[in-house]
Amino acid sequence: MQTVKTKYFEYGQEEMDYLTSVDVTLGVAIARMGKVERVIIPDLFTALVYAIVGQLISVKAVHKIWTRIQDRFGEITPQNIAIQTADDIQRCGMTMKKAVCIQNVARMIEQGAFDLDELYVLSDGEVVRKLITLNGVGKWTAEMMLINAMERPDVISWGDIAIRRGMMKLYGLSELSQEQFEEYRLRYSPLGSVASIYLWTISFE
């Protein structure tokens with residue numbers, strides 16, 4: 001039984017108009033696609049587990065594993081996951097490394113050794129620095145938390161292959177340097193997260 005509560009990333013015409021005004025090419029794509037809905041997971045622990053599951057695997061594989069986790073464990077809370085063995089978590093279809101990471105994170109939060117709620121009062125950079133202190137959590141995972149749980153407005157992840165692919169497709173590039181990426185990121189600011197939503201969509205077209 002699937003129990004995770006989700007919502008859509010909140011943005012509207014004002015944000016779409018702004019991005020259109022600063023980048024004509026992106027604006028054409030926005031006009032063609034209209035508003036793109038991005039499902040997010042507001043609960044920080046659930047979103048963190050989802051982000052760990054999603055490391056370096058396809059969207060289809062993530063969906064399959066995520067469904068199994070919910071069917072097997074029900075509500076995804078630190079208390080519920082902390083009592084599971086790494087083997088039980090791994091049987092949902094992920095690597096043992098990810099299973100151990102999820103188990104350890106759940107136990108740290110359950111024991112009070114890591115305070116997820118503190119993230120709400122931190123800047124984007126501070127959130128990333130705090131999250132990457134957890135074993136198995138890198139910069140990409142932390143940046144996905146900023147967008148897909150916390151709805152921070154200005155996040156574009158260089159570490160996200162789909163975002164880079166979407167950017168290359170949008171601008172007709174055969175390759176993309178980090179310097180070029182940074183130019184686009186600054187152009188989209190302070191609404192990089194909405195730009196990311198469109199770049200993700202473009203990458204899968």
Within the stretch 177-194, identify whether any single residue is in contact with a strand residue (DSSP E or B) (Cβ under 6 Å, 6 or more places away or on another chain) and either among the acidic types (Asp, Glu) or at negative phi (or both), and answer yes or no.
no
What single numbered condition from (1) without any contact (Cβ under 8 Å) to a residue 40 or more places away in the chain; (2) surrounded by fewer than 17 Cβ atoms within 10 Å (Cβ to Cβ) fails to hold for LEU134?
(2)
Determine whether the stretch 113-127 contains at least one residue that is under 30 Å from LEU170 (Cα atoms), surrounded by 13 or more Cβ atoms within 10 Å (Cβ to Cβ) and without any contact (Cβ under 8 Å) to a residue 60 or more places away in the chain.
yes
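Determine whether the stretch 57-78 contains at least one residue that is farther than 19 Å from SER193 by Cβ, of a type in the set (D, E, K, R) and touching an Asp or Glu at 6+ places or on another chain (Cβ under 9 Å). It would help to see each step written out before you state the result.
Taking the stretch 57-78 and keeping what is farther than 19 Å from SER193 by Cβ, we get 57-58, 60-78.
Right, trim to of a type in the set (D, E, K, R) and you get 60, 64, 68, 71-72, 75.
Of the ones still in play, those that are also touching an Asp or Glu at 6+ places or on another chain (Cβ under 9 Å) are 72.
Yes, there is a match, as at least one residue in the stretch 57-78 is farther than 19 Å from SER193 by Cβ, of a type in the set (D, E, K, R) and touching an Asp or Glu at 6+ places or on another chain (Cβ under 9 Å).
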Restricting the search to the stretch 71-94, which residues are aliphatic (A, V, I, L, M) and in contact with a helix residue (DSSP H, G or I) (Cβ under 6 Å, 6 or more places away or on another chain)?
ILE76, ILE81, ALA82, ALA86, ILE89, MET94
If a residue must be of a type outside the set (A, V, I, L, M), touching a Gly at 6+ places or on another chain (Cβ under 9 Å) and not in a loop (DSSP other than H, G, I, E, B), how many such residues does the stretch 112-147 contain?
4
Hey, LEU186 more than 29 Å from PHE73 (Cα to Cα), modelled with pLDDT of 95 or more and outside the structural domain of ILE65 (by TED's automatic domain parsing) or not:
yes
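I'd like to know if the stretch 94-102 contains one or more residues that are aliphatic (A, V, I, L, M) and touching a residue at least 40 places away in the same chain (Cβ under 8 Å). Explain how you work it out, then say what you get.
The initial filter retains those residues of the stretch 94-102 that are aliphatic (A, V, I, L, M), namely 94, 96, 99-100, 102.
If we keep only those that are touching a residue at least 40 places away in the same chain (Cβ under 8 Å) too, we end up with 94, 102.
So far as the stretch 94-102 goes, yes, one or more of its residues are aliphatic (A, V, I, L, M) and touching a residue at least 40 places away in the same chain (Cβ under 8 Å).
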Considering each of ILE57, ILE52 in turn, give the residue that is among the aliphatic types (A, V, I, L, M) and at pLDDT 95 or above.
ILE52
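The values are calculated or read from the model by the stated rules, or taken from the named source; none is laboratory data. Every value quoted in this text rests on a predicted model; they were computed, and no experiment measured them. So basically every Cβ, Gly included, is an ideal-geometry build from the backbone, and we count neighbours across all protein chains shown.
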